[in-house]
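Below is one structure, written out as structure tokens; the observations come after it.
The values are calculated or read from the model by the stated rules, or taken from the named source; none is laboratory data. Keep in mind that this is a model prediction, so the values were computed, not measured. Cβ sites come from the backbone with ideal geometry, for glycine too, and all protein chains shown count toward neighbours. The protein model used for the area step is the full one, side chains on, heavy atoms only, and it has no ligands, DNA or RNA in it. Shrake-Rupley method; radii C 1.70, N 1.55, O 1.52, S 1.80 Å.
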Amino acid sequence: MTFWVVRAGRHGETENYAIENNIVAIGWHEFGDLSTIPDRESLQRHIETLRPDKSVATIRVWTGELWAFKDRIQVGDWVALPLKQRSAIAIGRIVGPYQYVPEAPQGARHQRRVEWTRTDLPRSDVDSDLLSSLGSTLTVFSVTRNNAEDRLSSLVLGREATVPRTSMQTDSSISEEPLDLEQAAADKIAGHIQQNFRGHDLARLVGAILQAQGYKIEVSPPGADGGVDIIAGSGPMGFDHPKIAVQVKSGSNVADVSVLRELQGVMPRFGADYGLLVSWSGFNNAVVREARQLFFKVRLWDSGDVVSAIQADYEKLPKEIQAEIPLKKTWLLVEDDE
């Protein structure tokens, strides 16, 4: 049994559609229904005919991915969908054959049905070597390194992996896939923060980020905080609007709606116009759905959002924070990733 990764668009365009409809899905709608194509060679000729503008190398990669999605993925196989709009991974099992759904969104017409086991596994709960294995820029690929199937399924099912991590070996027969360097860097930064900013220190870090964004802030001392860890206001003294009440959760539990509603309840007490809920381990689907209805009042940040905010305003962060999170910009040539 294989563990597959199927992505939902370069920017996660169809990930919510996939989760809500219990599927994994891919683009390439221009190739139409692939059900009657009998073998990989025929599929490659089909792609070559419809996209003669593409290089031989690109056509081979596309053929491999489409054939894997159509034919190699088997009912019962595990599948992971790394989310782009949240710092989380959805994991489930394939329960249906390939199907082409012409009425689906363009990026989701090639489909496989999935029974999701979990749709909110925090990236911060996944070991760095597994995140690296999941980090290919390909749309469809299998993960076999470092006993990935057993370890990832164990995370989802809440049991110990059957093979100790110390005894695992990388499968040298598997060629290295192109790595998403931007995501790999973000995961590395998140791992550093998780190790060095536990408990109240995460509130201190979020306060520094808001300060870098131009707010006057006050971080509550450790201990009882009345439901708010940080208050932030605009203007020279922080008296101007917007005024923000911030709650920070640094633990390993995925936040549920009770945390969101608690923040809503205390916002008026602090005279806040808006709320920011920071949960390092992310949010369950109920929170995400409810927060959509509160778009003009509340924002959600998970570990990925914290890292993005740091990257956006790193030079403006206090020098002590920069010393605790030492980063350096590196310029890379952007290759054609088709």
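Just to be sure I understand, how many residues within segment 139-157 are under 20 Å from the mean Cα position of the chain (by Cα) and open to solvent by 30 Å² or more (accessible area, probe 1.4 Å)? Show your work before the answer.
Narrowing segment 139-157 to residues under 20 Å from the mean Cα position of the chain (by Cα): 139-143, 148-149, 151-157.
Cutting the leftovers down to open to solvent by 30 Å² or more (accessible area, probe 1.4 Å) gives us 139, 142, 149, 155, 157.
Selection size over segment 139-157: 5.
Quick one: in segment 1-20, of everything that is in contact with a strand residue (DSSP E or B) (Cβ under 8 Å, 6 or more places away or on another chain) and in a loop (DSSP other than H, G, I, E, B), which residue is modelled with the lowest pLDDT?
The extreme case among them is Met1.
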Log entry, pairs with first residue in segment 95-108 being in contact (Cβ under 8 Å) with a residue 24 or more places away in the chain and in a loop (DSSP other than H, G, I, E, B), second being open to solvent by 30 Å² or more (accessible area, probe 1.4 Å) and hydroxyl-bearing (Ser, Thr, Tyr), beta carbons closer than 9 Å, six or more apart or on different chains, reads Tyr98/Ser35; Ala104/Tyr17; Pro105/Tyr17
Of (1) surrounded by fewer than 16 Cβ atoms within 10 Å (Cβ to Cβ); (2) closer than 30 Å to Gly251 by Cα; (3) not small (Gly, Ala, Ser), Ile89 satisfies every one except (1)
(1) modelled with pLDDT of 95 or more; (2) within 26 Å of Tyr314 (Cβ to Cβ); (3) assigned to a helix (DSSP H, G or I) all hold for Val278 apart from (3)
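Can you pull out every residue in segment 18-66 that is basic (Lys, Arg) and more than 24 Å from Val79 (Cβ to Cβ)?
Of the residues in segment 18-66, the ones basic (Lys, Arg) are 40, 45, 51, 54, 60.
Answer for segment 18-66, where residues must be basic (Lys, Arg) and more than 24 Å from Val79 (Cβ to Cβ): Arg45, Arg51, Lys54.
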When segment 216-239 is checked residue by residue, the ones that are open to solvent by 50 Å² or more (accessible area, probe 1.4 Å) and either part of a loop (DSSP other than H, G, I, E, B) or at pLDDT below 95 (or both) are Pro221, Pro222, Gly223, Ala224, Pro236, Met237, Phe239
Pro242 being more than 20 Å from the chain's Cα centre (by Cα) and outside any strand (DSSP E or B):
no
Checked segment 289-338 for anything open to solvent by less than 40 Å² (accessible area, probe 1.4 Å) and over 22 Å from the mean Cα position of the chain (by Cα); matches are Leu317, Pro318, Ile321, Gln322
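Please verify whether Gly191 is modelled with pLDDT under 95 and either surrounded by fewer than 19 Cβ atoms within 10 Å (Cβ to Cβ) or polar (S, T, N, Q) (or both), treating the condition exactly as stated.
Values: modelled with pLDDT under 95: yes; either surrounded by fewer than 19 Cβ atoms within 10 Å (Cβ to Cβ) or polar (S, T, N, Q) (or both): yes.
So Gly191 fits the description; yes.
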Picked from segment 58-86 (must be in contact with a Phe, Trp or Tyr (Cβ under 9 Å, 6 or more places away or on another chain) and part of a loop (DSSP other than H, G, I, E, B)), the residue nearest to Thr2 (Cα to Cα) is Asp77
Those residues of segment 24-43 that are open to solvent by less than 50 Å² (accessible area, probe 1.4 Å) and assigned to a helix (DSSP H, G or I) come to a total of 3
Of the candidates Ser234, Ser281, Ser220, the one satisfying the condition of being under 29 Å from the mean Cα position of the chain (by Cα) and of a type in the set (Ser, Thr, Tyr) is Ser281
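Here is a yes/no grid of residues against (1) open to solvent by less than 20 Å² (accessible area, probe 1.4 Å); (2) polar (S, T, N, Q); (3) under 13 Å from the mean Cα position of the chain (by Cα):
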{"site": "Ala57", "(1), (2), (3)": "no, no, no"}
{"site": "Trp62", "(1), (2), (3)": "yes, no, no"}
{"site": "Lys70", "(1), (2), (3)": "no, no, no"}
{"site": "Gln74", "(1), (2), (3)": "no, yes, no"}
{"site": "Asp77", "(1), (2), (3)": "yes, no, no"}
{"site": "Ala80", "(1), (2), (3)": "yes, no, yes"}
{"site": "Pro122", "(1), (2), (3)": "yes, no, yes"}
{"site": "Asp125", "(1), (2), (3)": "no, no, yes"}
{"site": "Thr137", "(1), (2), (3)": "no, yes, no"}
Among residues of segment 92-110 being out of contact with any Gly (no Cβ under 7 Å at 6 or more places or on another chain) and open to solvent by less than 10 Å² (accessible area, probe 1.4 Å), the residue farthest from His29 (Cα to Cα) is Gly92
